[in-house]
Amino acid sequence: MSEAGKAALAGVRVLDLGHGIAGPFASRLLGDFGAEVFKFERPGDGDFVRRMPPFFEDVGSGERVSGLFEYLNWNKEGVAADFATDAGRDRVLAAITEADIVVTSFRPGRLEEWGIGIDRLRELNPSLVVLAVTNFGYEGPNSGWEGTDLIFQATGGVMQISGTVDNEPLKPGLRQSLYCAGLNGAYSAMAALYAARGSGQGTFIDLSIQEVIASQMVMNQPLYTFCGAVQGRRPPIEDPLGGKPLPAADGFVSIQTNSFTPLDRFAELLDDDRLRDSDFASTGGRLRHADRLNAILDEHLRNESARGFFERACQEGLLVGFVQTAADQLACPQLEARNAFHASADLRGESGPVRFPSVVATLSATPSSVRRRAPRPDEDAALPPRGDSFGAGARAAAEDPGDPAAGPLGGLRVIDLSTVFAVPYIGGLLSDLGAEVIKVEPPKRLDQTRSGFGLLLDNLERPDYWNYATTFPVLNRGKRSIALDLSTEAGRKVLLALVEEADILLDNFTPRVMRKWGTTYDALSAVNPRLIMLSNTGFGSTGPWSSFKAQGTTLEATMGMTSYTGYRGGPPAKAGQSYPDFLSCWSGLCGITAALLHRQTTGRGQWIDLGMYQLGPVVIPEALLQAQADGVDLGRIGNADLETFFSGLLPTAGDDRWLAVSVADRDAAVKLGSVVTGLASVDPDTEDLADRVASELGEWAAGREAQEAALALQAVGVAAGAVMDSRDLLLDRHLFERGFYERVDFGPDLGTRKLIGRPYRWHSNGSSLSVRGPGPTYADSNGYVLREVAGLPKADVEALYEAGIVVDEPVDPPPPQPWDLDLMLKAKALTVVDPNYRDFEAAASAAE
């Protein structure tokens, strides 16, 4: 294999010392990008996921194999080692000295008990990257807490904004938090390795699954940080064109209208002038007349197949999705065209080889691959020696990695052409990691997060309101801004000059835009062969759906998530806010950091084709595997955790305050007896034990504060947590001590405010992370970018201004849209508007 054709992580050695889902998923992703991964397991029982359904037949041996274990552990070799024995410890310690990355997911302190703690590992190998994936972090007041997906979604804030106000909070379906943690672990480990190759200094990454969920609150958290407002759940009556699932003849569709896809377009599609009624022209009007609008839509949709309507509407350029089950996705032509599935020749399901979702991002030069099946229980590989050239600091690189002291990606320059959520958040996190990020903004169209998607800071109208939006500074923190019209030839000429000086380019245009402008990767890499370019689209750059428009809510339905989210016995539902955008953000960072590691040794860039839609199957493997095991669809189970004895929400003292509890098995139920008097002498073999637990726990929780109840249950080893809102999170002692929120200076008018950081603590002698500053004001770096980066002479810059190709203020911006907070409180869209929130936060900070 030529140097340029090597896998992105060729030559990288990873030790997987963990178990479960999140940590092994992170190490498997590293293996997909080419690392050699060794999974250490105790002989005999091994990783508990081996005993989790669904099961398939091993073609070679005829034995039962967990499909979920296979999904999490392919591209790994098995190593037998009991860490509690001298021989097992010695085997691990010997392997550490020749490893690049170690991934562990045991509870905090467990490795230390075995004599192979984090500090010892780093002493043995100073350039080692150690990724510890734990429930609530390796350090902090709640670090020893038990957790499950339900508990993470509750304590991370997503549940409090999900579901409807007339019902309890709602968690996303299946086990979303664990796969999200794996994505965050993979990209952060690769960023740390990139830095270690330059500095010789390793990093300990302390990743918290709770904080991964809290990281999704980028629109909701700033409402309190900047305005004192706490978002509630959805009202019982919703805008029918706001993306909620609407019944069709054979399923559900999701429809969205906005300024880019006005309602008139749907009137044309359905040939129904009633949809042009002025009553339906605004969100408020559609809410007031929802019954009438629903009746009109039902008249049409009840005769339409969900997929047929989706394809017909999308071909007309409209924003539509449809709710797909796992079985639908397994038969999807777009996923087939994108080669999104790996068919295992080693496992046999009900109808042949088992198919697994296997691609999070498509890298043009170093595509990910599945090279070997997961290790079987009896495998015990020997780790070959690495040789004298081993070591992150000693390994020769084809280029200078920059200044790791400025951050692991210090010295890199990013050109960000993107808008709205997913890719701007990639750029913001790249800034945290040390890169210089230049946001290119169009003169005639504001980024939607400047003009909507939240309140204005302090909910005050200002002439330059676009510099005071609440969501924009979280997604775009630490960036510079230039206003440049790329629709013009002169504007694109400036872009080419920027590309010459860039390391990474980000875009989220539809594929046709970059082709029309002549700015595809082939064209840009001719200018700069070292360029890494990420293109994020709804459905990817190829396949029959590649031209379809997409947005978070319609994608959430189409990608399979909505089918498995919803109250038990109820219709499909969305959860959180723009969940597909976060999957895309973290997956994109995986692709970028893998491409950077490849460029570090080859000097060559590449193109990353990131299709958001195909990330859906990646995080619902349980449903896809169950469908192939026995044809059963997992469906919607409300707030229950998969495969637990008892789990759900219980109301507690206070208005709309809830306790999440997840009792793993009958033995765990018995532990409740030391806390809940009614269960003090319960027999674990009682036939109706689950019903009794629900009844007694419910009565016990009703008279207690949610946090007090959670502390009591956690003290006896039962997973529990309060359902937290954005104010609770901002003032939480555990998150404060972990530094999850960072204070950022917004200038004399606004002072310092807390912004969401990252879901991991970064311990390194060679690099540091931080939010580098607030989001940029519009066009704040025109002069610097044009003169110092692009190298344009003064006369050329003046000509660009004269032609309106570069501007200092947006052209004809839409009017500001301040929210009527009183009306939103009445509708329960907001649950709290605290006029003294700055004093409240300051007092809490002083107490901390």
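Rule-based calculations on the coordinates, nothing more; no lab input. In this text, all values refer to a predicted model and were calculated from it rather than measured experimentally. Don't worry about glycine lacking a Cβ; one is built from the backbone with ideal geometry, like all the others, and counts go over all protein chains shown.
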Sorted by mean Cβ packing within 10 Å, highest first, what order do the peptides 675-685, 187-197 take? 187-197, 675-685
Estimated vicinal HN-Hα couplings, Hz - the range 509-522 in sequence order (Karplus 6.51, -1.76, 1.60; Gly, Pro = x): 6, 5, x, 5, 5, 5, 5, 4, 7, x, 10, 5, 5, 4
Using Cβ counts within 10 Å as a stand-in for footprinting exposure, how do 102, 165, 474 rank, fewest first? 165, 474, 102
Just order 611-623, 107-119 by mean Cβ neighbour count inside 10 Å, highest at the front, would you? 611-623, 107-119
Taking amide H positions as placed in the peptide plane 1.01 Å from N, state which residues far from residue 77 in sequence (5 or more) or on other chains have amide H under 5 Å from it. 37, 38, 39
Kindly provide the Kirkwood hydrodynamic radius of the range 242-332 in Å, to one decimal, from all pairs of distinct alpha carbon atoms. 13.5
Say R0 is 35 Å: what FRET efficiency, to the nearest 0.05, do residue 743 and residue 64 get from their beta-carbon distance? 0.10
Rounded Å value of the spacing that divides the Cα centres of the range 136-171 and the range 331-374: 32
Check which residues have an amide H placed less than 5 Å from residue 505's amide H, if you skip close sequence neighbours. 415, 532, 533, 534
Please compute, for the alpha-carbon atoms of the range 132-195, the extent along each of the three principal axes and give them in descending order in Å. 49, 24, 16
In nm, spacing of pseudo-spin labels at residue 268 and residue 820 (7 Å Cα→C-beta vector): 3.2
Which order results if 466, 145 are arranged by neighbouring Cβ count within 10 Å, fewest first? 466, 145
Please state the Cα pair-distance histogram of the range 737-800 with 5 angstrom bins from zero: what percent is in each bin? 3, 13, 16, 14, 12, 12, 13, 9, 5, 2, 0
Spatial separation of Cα centroids for the range 473-535 and the range 67-132, in angstrom: 41
Taking the Cβ of residue 40 as the center, what net charge do the other residues with Cβ under 12 Å away carry, scoring Lys and Arg +1 and Asp and Glu -1? -2
Taking only C-alpha pairs under 8 Å that are 6+ residues apart, what is the relative contact order of the chain in percent? 19
Cα Rg, Dmax (largest Cα-Cα span) when computed across the range 646-726, Å: 11.9, 41
If we count other beta carbons within 10 Å of each Cβ, what is the order of 493, 76, fewest first? 493, 76
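Output the relative contact order of the range 646-726, whole-number percent, from Cα pairs under 8 angstrom with separation of 6+ residues.
Value for the range 646-726: 40 percent.
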Please list 3J(HN,Hα) in residue order for the range 711-726, calculated via the Karplus relation 6.51 cos²θ - 1.76 cosθ + 1.60 where θ = phi - 60°; whole Hz, with x for glycine and proline. 4, 5, 6, 4, 5, 10, x, 9, 5, 7, x, 6, 6, 9, 9, 5
Computed over the range 185-279: relative contact order in percent, which uses C-alpha pairs under 8 Å that are six or more apart: 11
Neighbourhood charge, 14 Å Cβ-Cβ cut-off, centred on residue 323 and excluding it, Lys, Arg +1 and Asp, Glu -1: -1
In the chain, what % of DSSP beta bridges are antiparallel (nearest 5)? 50
Amide H to amide H under 5 Å from residue 752: which residues, 5+ apart in sequence or cross-chain, H placed 1.01 Å off N in plane? 746
Roughly speaking, what is the centre-to-centre gap between the range 220-277 and the range 786-832 when only Cα atoms are used, to the nearest Å? 25
Mind ranking 556-568, 644-656 by how tightly packed they are, going by the mean number of other C-beta atoms within 10 angstrom, highest first? 556-568, 644-656
Computed ³J(HN,Hα) along the range 646-654: with the Karplus parameters 6.51/-1.76/1.60, θ = phi - 60°, integer Hz and x for glycine or proline, the list is 8, 7, x, 9, 10, x, 10, 4, x
On alpha-carbon atoms, Rg over Rh for the range 715-848 using Kirkwood Rh? 1.10
Using a cut-off of 12 Å between beta-carbons, work out the net charge of the residues near residue 610 (Lys and Arg +1, Asp and Glu -1, residue 610 not included). -2
Quick one: if you stick a label point 7 Å off each Cα along the C-beta vector at residue 784 and residue 93, how many nm between them? 4.9
Potential lengthening between residue 809 and residue 376 on full extension [0.36 nm per residue; Cα-Cα distance subtracted]: 149.7 nm
